[in-house]
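Working notes for the structure below.
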Amino acid sequence: MPFIAALIGYVTKRVAIEMMFRPIEFVGIKPLLGWQGVLPANAPRMAATATEMLTENLVDPKEIFARLDPEQVAKEIEAPLLRVVEDVTREVMEQYQPRLWEMLPNGAQQLLLSRIQAEAPKAIAKIMREISENIDDVLDLKHMVVTNLVRDKELLNRLIRDISRPEMRFIARSGIVFGFALGFVQLAVWALTKSPIVLPLFGVLIGWFTDWLALKMIFLPREPRRFFGFYTWQGVFQKRKDQVAADYGDMIASEIITIPNILEGVLNGPKSDRLFEIITREVRRTIDTQASVVKPFVAVAVGSRNFQEMKRTAARRAAELVPSTIHHAETYATNALDVRNTIVDRMRKLSPMEFEELLRPAFRQDEWKLIAVGAIIGGLVGELQVLLLLH
């Protein structure tokens, strides 16, 4: 009986752990007959909770984006930026007045291109400075993180599972120890009563109690505490604070708050219009300033109205193409933002309660389901024991 009780303790824990993460999508007949992993099923809520923790306690967008040097960003993207400027200039001129552009002397073409190209890095530096000072106007970090976690439920699973692997192993292994110990109690009660109901009842008890106790021991006590005068215990998760911080920082920096994700959030997020407004304004200002050498000639040739439309088209095309050049500054930007070390340092300074909230939401709302499943499995194994004893 102690060995079967240990098996019940282990199996119920393994099932509970898998039910937290698997399956990614609902399997069965909706809405009640079937199952979806607790985390994937609650992806929006889990992602929102994780993001709130991240943005309120660990990452301040204004602070980390202030680390970017606008001039250095402009320098990193200078080569592709100059190509974009030339392409946009030629494209717009050929669209509105193809013959005029061809008729312009090479010297006039090059003068126009070189003047605009000379100003382009300055314009980009000015744009980057405005963005870094007003990052909340162009990037909704919470929306970006939640969108990525909800869209990629496997990533959400890894965010919790990878940083809590030792805790998951503890849950499973604790089931063996607790189950084995309770198995001796079960054996004693069975020996005294010989009642068939003892086995399924203890199966339910072992499945329920060991699940409940293991979950509590992950987080509690938050500070080291001495029991029975000689045994000291601290929640497994709390004890690993430094390592958890390092793992969490690595994952956030490498898979969530990345330059490609930030660019996507800026370009396609709810505040993307503001970025295009900034770029468009600066491009039009640069054209007005630097095209003066050929502006009278072009305006006469194409008409003032067409010239204004041509300028708007150039600004719009530049706003579409310029952001893609930022990819060339990805290495610099990643190192400058230093998201990983920022998260690690701040996580290690969290209070035990704040630190617990990093992982606890993954368990809290639906942990009763996991405990209930453990009790049901334990009861079924107890019934199986009865059948074996009777035969």
Subject >> Net dipole in debye of the stretch 191-247 [+1 Lys, Arg Cβ; -1 Asp, Glu Cβ; about Cα centre; nearest 20] >> reply: 180 debye
**OP:** Obtain the nm distance between the two label points defined at Leu267 and Arg312 by a simple spin-label model: each point lies 7 Å from its Cα along the Cα-to-C-beta direction.
**Re:** 2.4 nm
**OP:** Pull out the extension gain between Glu320 and Lys239, defined as 0.36 nm times the separation in residues minus the alpha carbon to alpha carbon distance; nm, one decimal.
**Re:** 24.2 nm
**OP:** Return the long-range amide H neighbours of Val59 (sequence gap of 5 or more, or a different chain), with a cut-off of under 5 Å between placed amide H atoms.
**Re:** none
Subject >> Peptides ranked, highest mean first, by Cβ atoms within 10 Å: ranges 63-76, 225-238 >> reply: 63-76, 225-238
Original post:
Say R0 is 25 Å: what FRET efficiency, to the nearest 0.05, do Ala191 and Leu380 get from their beta-carbon distance?
Top reply: 0.65
Subject >> Computed lengthening from Leu33 to His143, 0.36 nm per intervening residue step minus Cα-Cα distance >> reply: 36.4 nm
Original post:
Per residue, how many Å² of accessible area does the stretch 119-241 show with a 1.4 Å probe?
Top reply: 49 Å²
Original post:
Points 7 angstrom from Cα along the Cβ direction at Glu56 and Leu388: gap in nanometres?
Top reply: 5.0 nm
**OP:** Mind checking which lysines have their Cα closer than 21 Å to the Cα of Lys153? Skip sequence neighbours fewer than 8 apart in that chain.
**Re:** Lys30, Lys142, Lys369
Original post:
So for the pair Asp250, Ser114, with labels modelled 7 Å out along Cα→Cβ, what separation do we get in nm?
Top reply: 5.2 nm
**OP:** Consider a paramagnetic label point 7 Å from the Cα of Lys122 along Cα→Cβ; state which residues of the stretch 55-88 have an amide N under 20 Å from it.
**Re:** 69-86
Original post:
What is the extension gain from Tyr231 to Thr280, computed as 0.36 nm multiplied by their sequence separation minus the C-alpha to C-alpha distance, in nm to one decimal?
Top reply: 10.9 nm
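The values are calculated or read from the model by the stated rules, or taken from the named source; none is laboratory data. Computed from a predicted structure; not experimentally measured. All Cβ positions, glycine included, derive from the backbone under ideal geometry; neighbour counts span all protein chains shown. Quick note on the areas: whole protein, heavy atoms, side chains included, nothing else; ligands and nucleic acids left out. Shrake-Rupley method; radii C 1.70, N 1.55, O 1.52, S 1.80 Å.
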